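The values are calculated or read from the model by the stated rules, or taken from the named source; none is laboratory data. Everything quoted here is computed from the prediction, not taken from an experiment. Neighbour counts are summed over all protein chains in view; Cβ atoms, including those assigned to glycine, are modelled from backbone coordinates with ideal geometry. These accessible areas exclude ligands, DNA and RNA; they are computed on the full protein's heavy atoms, side chains included. Shrake-Rupley method; radii C 1.70, N 1.55, O 1.52, S 1.80 Å.
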Amino acid sequence: QVQLVESGGGLVQPGGSLRLSCAASGRIFRINDMGWYRQAPGKQRELVATIASSGSTNYADSVKGRFTISRDNAKNTVYLQMNSLKPEDTAIYYCNAKIKRAASVPQYDYWGQGTQVTVSS
């Protein structure tokens, strides 16, 4: 079994900051890309940011310059530092990881349970 456990969501005022964490545990051979997605009420889930095992990153245009994704490979953990938050950032944030459980099997997508981020005064 593989689990992704997220933490760090909450309520913050516009202009504030939050840091999300997501730790993967279980039978893991290798973690490839990790990332964060979000889903606002009435909208489809969208990509926020991804980071490869090499450290290369990709961001949605709406968060460039405000959010930073990073990872600690030794801890199987990915982080999302969110600064200058806006009300439109309000959503449930989901962690994603592409994980190989053994050398001989393909990678599969795993998802966290989601953490609520609310930006409001």
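Assorted remarks:
- Fraction of the pair-distance distribution of segment 34-75 above 15 Å, Cα-Cα pairs, percent: 45 percent
- Ranking by accessible area, most exposed first, for SER104, SER53 with a 1.4 Å probe: SER104, SER53
- Ratio Rg/Rh [Cα only; Rh per Kirkwood] for segment 73-121: 1.12
- Other residues with beta-carbon under 9 Å from the beta-carbon of TYR108 carry, at +1 per Lys or Arg and -1 per Asp or Glu, a net charge of +2.
- Radius of gyration and maximum dimension Dmax of the chain, Cα, Å: 14.2, 51
- For segment 7-121, the residue among GLY42, ALA74, GLY114 whose Cα projects farthest onto the positive side of the dipole built from Cβ charges is ALA74.
- For SER53, the residues 5 or more places off, or on other chains, whose built amide H falls under 5 Å of its own are ASP33.
- Mean Cα-pair separation over length for the chain, i.e. relative contact order, pairs under 8 Å, 6 or more apart, %: 36 percent
- By a 1.4 Å probe calculation restricted to protein chains, ARG27 has an accessible surface near 150 Å², given to the nearest 10.
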